[in-house]
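Chemist: Please find one structure pasted underneath; my questions will follow.
The values are calculated or read from the model by the stated rules, or taken from the named source; none is laboratory data. This is a predicted model, so every value here is computed, not measured. Please note: Cβ atoms are built from the backbone with ideal geometry, for glycine as well, and neighbour counts cover all protein chains shown. Please note that ligands, DNA and RNA were not included when accessible areas were found on the heavy atoms of the full protein model with its side chains. Shrake-Rupley method; radii C 1.70, N 1.55, O 1.52, S 1.80 Å.
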Amino acid sequence: MENSINIFEREEEFLLQTYKRIPIKISHGEGVYLFSEDGKKYLDFFSGLAVNALGYGNKKIIQAIEEQVKKFIHLSNYYINSPQIQFAERLVKYSGLSKVFFTNSGTEAIEASLKLIRRYFGPEKSIITFSNAFHGRTYGSLSLSGKEKYKKYFSPLLPNIIQLEFNEVELLEKYVTENTAAIYMEIIQGEGGIHIVSTQFVEKIDELRNKFGFALVADEVQSGIGRTGKPFAYQHHSIEPDLVIVAKAIGGGLPLGALITNKKYDNVFQQGDHGSTFGGNPVACAAGLEVVYEVFENELMKNVAVLGNYFKSELNLVHKKYPDKIVDVRGLGFMIGVELRKSCASLVDKFREKGILVNCTNENVLRILPPLISTKENIDYFINIFSEILSENE
Ligand SMILES: Cc1ncc(COP(=O)(O)O)c(C=O)c1O
């Protein structure tokens, strides 16, 4: 107990101050709930920013981790490990692509893809990304970011990156040329405020890709692994990306990311071109196998599709009731944004006071990322609390 006294002061003293911490001390999690040390129970509709797809304390994940830990926790990538191969096989099967490179995080998988693009297209060609895009915090992925606030103190960044307005079809026609190496895109922008790519935009990219032969890279770090009601969000459209980036939920809470390539790019890297000490850690892969089994093969994804529609329709009713407070409700499956007329920071605090954890992104977008195991009752509870908060005078 002594250790927990002044833990926030000690955090300030010993850690670089890069995170704005939420002022509660979590003791443990169970299913869709987190519990604080002072005994409060919170419905977690934030799920570690889309990591905890199966909630907390999932028995199958724990068992898979325990079994793997007893065999070996780590093996150098000089050795083959079977959870890695089994997991890659699942990712290939459900993405429809060809091969996998494992990393420890989303940003590392983006870095791997950037190297692959350079290796294939050479140093001159440019990469196109979009306004509000978020691809991570390391130098390459930061260079792709559409948000000035993340980049402004860190130049020089990678050269030859062109930023276009998201969903502006005419700009694609103007700027995508034979000099384009790749287009990086989130099918649903997460951090950028839950913006969904339009069908028209995707179709134009596909048409231009057929013409110019660049690589389409789908960043599915947040939207992948069943979150939108399909294995990957690009499957809501009739396109197949050349490269797919996944992370967050795929390790069952352990650090894991992956770059998945289609056939065209599965021979670009030669031995020694890229690597990672921990990438594809066997314990993380064993945990991830349980996640993809539950999500892809055990009906959970279908549940997300149905309940996601229900959730959105309930939120639309709230929108109808409070048009003076809500601008828009958007999203797919369990990746939902509610755009408010003003900043949502205080709204998040009110939710927390009433026992719900939710996120605010892009200043005024309430980002709702429930665990994929959430039920209709959990959603109804959220809607009731949301209505209650909005009905209170400000
Ligand atoms: C779409 C997207 N890409 C990349 C990243 C970076 O992933 P990581 O934090 O695992 O490096 C994130 C993280 O939020 C993300 O949402």
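Chemist: Farther than 30 Å from Ile196 by Cβ, in contact with a helix residue (DSSP H, G or I) (Cβ under 8 Å, 6 or more places away or on another chain) and buried (at least 18 other Cβ atoms within 10 Å of the Cβ), is that true of Gln86?
Modeler: Considered against the rule, which asks whether it is farther than 30 Å from Ile196 by Cβ, in contact with a helix residue (DSSP H, G or I) (Cβ under 8 Å, 6 or more places away or on another chain) and buried (at least 18 other Cβ atoms within 10 Å of the Cβ), Gln86 comes out as no.
Chemist: Just give me the residues in the range 220-240 being touching a residue at least 40 places away in the same chain (Cβ under 8 Å), open to solvent by less than 10 Å² (accessible area, probe 1.4 Å) and within 15 Å of the ligand (Cβ to nearest atom), in sequence order.
Modeler: Matches in the range 220-240: Ser223, Ile225, Arg227, Thr228, Phe232, Ala233, Tyr234.
Chemist: Tell me yes or no: at least one residue of the range 277-297 is in contact with a strand residue (DSSP E or B) (Cβ under 9 Å, 6 or more places away or on another chain), on the phi > 0 side of the Ramachandran plot and either open to solvent by less than 30 Å² (accessible area, probe 1.4 Å) or part of a strand (DSSP E or B) (or both).
Modeler: Looking for residues that are in contact with a strand residue (DSSP E or B) (Cβ under 9 Å, 6 or more places away or on another chain), on the phi > 0 side of the Ramachandran plot and either open to solvent by less than 30 Å² (accessible area, probe 1.4 Å) or part of a strand (DSSP E or B) (or both), one finds at least one in the range 277-297, hence yes.
Chemist: Something else now. If you scan the range 113-141, which residues turn out to be within 12 Å of the ligand (Cβ to nearest atom) and either free of Cβ contacts under 8 Å to residues at least 12 places away in the same chain or farther than 24 Å from Val169 by Cα (or both)?
Modeler: Selection gives Ser113, Gly136, Arg137, Thr138, Gly140.
Chemist: Considering only the range 252-275, how many residues are small (Gly, Ala, Ser) and open to solvent by 30 Å² or more (accessible area, probe 1.4 Å)?
Modeler: 3
Chemist: Another question, then. Being assigned to a loop (DSSP other than H, G, I, E, B), touching a helix residue (DSSP H, G or I) at 6+ places or on another chain (Cβ under 9 Å) and more than 12 Å from Ala182 (Cβ to Cβ) is the filter here, so list the residues in the range 136-155 that pass it.
Modeler: Gly136, Arg137, Thr138, Ser145, Phe154
Chemist: What is the one condition in (1) more than 25 Å from Ser95 (Cβ to Cβ); (2) open to solvent by 40 Å² or more (accessible area, probe 1.4 Å); (3) within 16 Å of the ligand (Cβ to nearest atom); (4) within 23 Å of the chain's Cα centre (by Cα) that Glu148 does not satisfy?
Modeler: Every listed condition holds for Glu148 apart from (3).
Chemist: Kindly indicate the residue of the range 6-55 that is more than 13 Å from Leu372 (Cβ to Cβ), in contact with an Asp or Glu (Cβ under 7 Å, 6 or more places away or on another chain) and not small (Gly, Ala, Ser) and also nearest to the ligand (Cβ to nearest atom) among those meeting that condition.
Modeler: Per the stated criteria, the residue is Arg21.
Chemist: With respect to Leu172, is the statement that it is over 18 Å from Asn132 (Cα atoms), assigned to a helix (DSSP H, G or I), open to solvent by less than 30 Å² (accessible area, probe 1.4 Å) and not hydroxyl-bearing (Ser, Thr, Tyr) true?
Modeler: For Leu172, the condition - over 18 Å from Asn132 (Cα atoms), assigned to a helix (DSSP H, G or I), open to solvent by less than 30 Å² (accessible area, probe 1.4 Å) and not hydroxyl-bearing (Ser, Thr, Tyr) - is not met.
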